[in-house]
1. Would you kindly compute the Cα radius of gyration of region 60-186 and its largest Cα-Cα separation (Dmax), both in Å?
2. Return the equivalent ellipsoid semi-axes of region 205-320 as a descending list in whole Å, where each equals the square root of 5 times an eigenvalue of the C-alpha gyration tensor.
3. Restricting to the chain, what percent of DSSP beta bridges are antiparallel, rounded to 5?
4. How do 163-172, 105-114 rank on mean C-beta neighbours within 10 Å, highest first?
5. Given 88/357; 92/265; 251/357, which pairs have Cα atoms separated by over 26 Å?
6. Relative contact order for the chain: what is it in percent, counting Cα pairs under 8 Å that are at least 6 residues apart?
7. Please state the relative contact order of region 60-186 as a whole percent: Cα pairs under 8 Å, 6+ residues apart?
8. Over all alpha-carbon pairs of region 436-482, lay out the pair-distance distribution in 10 Å bins, whole %, shortest bin first.
Amino acid sequence: MTLFADSDEPIPFGIRVDTGMPLNRLGEETITAMFGREHRQTPLTAALNARADLSGLSFAVEGGLDPGDLTQCGWGVVYSPSVTPQIKDALKPLLDHRRSQAAPFKIFDGPEGYLSGDQATVWLKRRKVRMDVVNPDNGVPFYLLLVGPPDEMPFEFQYSLDIYWAVGRLWFDTPEEFRRYAESIVRYEDSAAPVPTSRRGVIFATEHDFDQATQLFMRQVARPLSAGDGGAPATVWTRAKFALDARLGEKATRAALAEVLRAGKEGVPALLVSGSHGVECPFDDPRQADVQGAIVCQDWTGFGAIKPEHWFGASDVPADARLHGMIHFFFACYGGGCTEFDDYDRRNKQPRRIANKPFFSRLPQTMLAHPGGGALAVLAHIERAWAYSFQGQRGGAQVQGFRDVIGRLLRGQRIGQATDMFNIRWAAISTELSEMQAELARGAEVPMRTLGNLWISRDDARNFMVLGDPAVRLRVEDMPQI
């Protein structure tokens, strides 16, 4: 196997479907084009700076409130204008269920909902609420489910709200998919019903002997999470009394992933963690809506060509899959969705167009609305995923963010609170980047590579998104001990 040295150069986790080649890394020209010598504070950067100062807080709720208790922190849904009565009716089982649990419970619709062009700070201002530590009594609950297509309700709206609130996103093509998801959550949370998952996790990670990115993920994330650092026990799993099935390297095939989703004799895993390349299609490729973000599996044979039998997409989810009650932590480029314009290529102030419109990737949508019972939630990247999710800005492993989120999920925390580590990381890096940009504006010499690394690290942390209800949690207390 060819082993590549660790690098501080940004490495994306994606493969072009038309060329079979890795996605481009960012050169000095691209980085320089992103940063001029002007610098100004905005309401968003001010909110991020304040959040970084409060990073010692466990969660962004007022002291004395338990972020896991819906009777204290509340739950709400925010609709965009085009959400139809049929979709609202399909979601009614979930809304009725949350209404019985949460205080406050809110439905933000019509003039109270998302309006075209809203930024998070503007929407909150209409509620007479500031972007600050959350007090649900002010009228906006801590847990917010956003319902609307991303070409109408932009990804940025969720990113910004998520600095302080626990936010999830839901969108499907048909009302029936909304209904299946809503009914799956209500059925899973029925305390009288048996838990459909086993007390078991799965790590699925590829490692190709010709590819630096997957070797890096294997060395810095998959192996430490599955075997523990330095060969120590996998404490994140054992402390939670979970068994672990590691499908690594040669075991990370399409057939193996289908087997995991079918559960087999081991039962349905409560948590699936996958790390791999994701498929990228050109914006004019007719396969883009169905294939973008599909998992490139170990079956892939090498640079220069990639075929459908090398990836696992929405159409590969088995009809008899048993996904009910599962959470999927999905690391790959475009795993969650795709923007219309490239977040990272703004040369000549003309961002590269990568899709006809922003959209959610088909694989997580299929998992959430599976006819046999949907997954609880999927945590995945919008746009590209970079090695900086698990590296410091100067290289070296920083797997703690992954370990923290996994550990919180295995302890039964709600996914909206369990993923707060990524919001804290976004805020901290954003503050550092803001300070460096201010130095640049004052005429200081700032290395473009350092500035670019911070920028990519910041947006990489920001672009993790919860797809599904942010209040869902694993019923670990009802799972049989291993």
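We did not get these values from a lab; they are worked out from the coordinates using the rules stated. Remember, predicted model here, so these are calculated numbers, not experimental data. Reconstructed Cβ throughout: ideal geometry from the backbone, glycine too, with neighbour counts over all protein chains shown.
1. Every Cα atom of region 60-186 included, Rg and Dmax give 13.9, 41 Å.
2. With the √(5λ) rule applied to region 205-320, the semi-axes are 27, 19, 11 Å.
3. Given both bridge residues lie in the chain, the antiparallel proportion sits at roughly 25 percent.
4. With the highest mean Cβ count within 10 Å placed first, the list reads 163-172, 105-114.
5. 92/265; 251/357
6. That works out to 22 percent.
7. It rounds to 35 percent for region 60-186.
8. The distribution over region 436-482 is 19, 25, 19, 16, 14, 7, 0, given as percents.
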